[in-house]
1. Being hydrophobic (A, V, I, L, M, F, W, C) and touching a helix residue (DSSP H, G or I) at 6+ places or on another chain (Cβ under 8 Å) is the filter; apply it to region 276-296 and report the residue that is farthest from Cys329 (Cα to Cα).
2. Scan the helices (runs of 4 or more DSSP H) fully inside region 195-306 and keep the ones with 3 or more residues being loosely packed, with under 13 Cβ neighbours inside 10 Å.
3. Please go through (1) over 24 Å from Leu284 (Cβ atoms); (2) assigned to a strand (DSSP E or B); (3) at pLDDT below 95 for Trp168 and return the number of the only condition it doesn't satisfy.
4. Which of the residues spanning region 48-61 are of a type outside the set (Ser, Thr, Tyr) and either touching a helix residue (DSSP H, G or I) at 6+ places or on another chain (Cβ under 8 Å) or in contact (Cβ under 8 Å) with a residue 60 or more places away in the chain (or both)?
5. Which members of region 158-175 meet the condition of being of a type in the set (A, V, I, L, M, F, W, C) and either over 17 Å from Glu67 (Cα atoms) or touching a Cys at 6+ places or on another chain (Cβ under 7 Å) (or both)?
6. Within region 81-89, does at least one residue satisfy the condition of being free of Cβ contacts under 8 Å to residues at least 60 places away in the same chain and outside the structural domain of Met311 (by TED's automatic domain parsing)?
7. Go through the residues of region 142-164 one by one and say whether even a single one is at pLDDT 95 or above, closer than 30 Å to Asn120 by Cα and aliphatic (A, V, I, L, M).
Amino acid sequence: MKFAVARRFCGHAFAGLIACSSAAHAQTFCVWDILGEQGDAMNMMKDYALAAKSWGANITLKSYTNEGIATDDFKAGQCDAALITGLRARQFNQFTGSIDSVGSIPSYTHMRDVIDLLANPKLAPRLVSGSYEIAGVVPIGAAYAYVNDRSINTLAKAAGKKIAVLDWDKSQAEMVKIVGAQPVAADLTTYGGKFNNGQVDILFAPIALYKPMELYKGLGTKGGIARFPVLQITLQMLIRQDKFPAGYGLKSRQYMADQVPRFFGIIRNTEREVDPKHWMHIALADRDGYEGVMREMRIHLTKSGYYDPRMMTMLKRIRCKREPDQAECALKDE
């Protein structure tokens, strides 16, 4: 009854329409940021909440430092939207969840192309899965291999080593097994600790986690970070469509696409903070071999149902548009 009265009242005064619409559409956002209220993701979302008022939303932000709890609360309906990693978002939308796939986006320039495409209205149907819609994607940064001994500088030398994998993402364990290494399950609260205390030899993570997880402790004096992107990590915004005004998702995606330069700036600044002695540069002669192995992993994981084949096709087209002479561009198996 109160909602019906509010709608009749709003219909009489155009000047109050936006305000009334916002009152009728109040939403709670679960926002994962490992640094909590003061993190970059939360700061971006504070600006987002202000912008969303003009799209008919009235947003309350709820900060989480534990991504698993944020995801569970969103699933349980305690939040109308969530900002979580693409790795976690895959369970809600496999198409966009496959952006965070091994070796599929070799540079930040390619990532810019991907996010611009997602903001295209023509792709909108693929961004809806059941009652969920992807309302935006932004980059966190490339995930690199952290090793506790710089002698582990080839894939062959990774065989038999212990590698930390997130226990809720089964595709990671599959990848580790392909290179003959031993997966060691962890969650985000224990992920860095296992590397820092020597329980694992290798860990894959973006530089955004270098300081918060104190990964330099695990590197010590012998370790290093291989400056070769294994995959690109994204933050993805999920909304429950029925909790937002019609057309909200597209406006949100376009806004989020406009935030990409802001996040690239954050990524560059964060990567500059790494002690230069910790970077390991991969020889150009070895890169083709690594790319070939990652390609085999993608094909295997797509056939196994982890990655969406439509996204894999789209990402390959983006790679080959920029680098048409790459060997994969003449092949038809991905």
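The values are calculated or read from the model by the stated rules, or taken from the named source; none is laboratory data. Quantities reported herein were computed from a predicted structural model and do not represent experimental measurements. All Cβ positions, even for glycine, are placed from backbone atoms using ideal geometry, and neighbour counts span all protein chains on display.
1. Of region 276-296, the ones hydrophobic (A, V, I, L, M, F, W, C) are 279-280, 282-285, 293-294.
Still in the list and also touching a helix residue (DSSP H, G or I) at 6+ places or on another chain (Cβ under 8 Å): 282, 293.
On the way: Ile282: 23, Val293: 16 Å.
Selected residue: Ile282.
2. The helices (runs of 4 or more DSSP H) meeting that bar are 260-272, 284-303.
3. Every condition holds for Trp168 apart from (2).
4. So in region 48-61, the residues of a type outside the set (Ser, Thr, Tyr) come out as 49-53, 55-59, 61.
The answer is Ala51, Ala52, Lys53, Trp55, Gly56, Ala57, Asn58, Ile59, Leu61.
5. Residues satisfying the conditions are Ala158, Ala159, Ile163, Ala164, Ala173, Met175.
6. Among the residues of region 81-89, not one is free of Cβ contacts under 8 Å to residues at least 60 places away in the same chain and outside the structural domain of Met311 (by TED's automatic domain parsing), which makes the answer no.
7. Yes - at least one qualifying residue is present in region 142-164.
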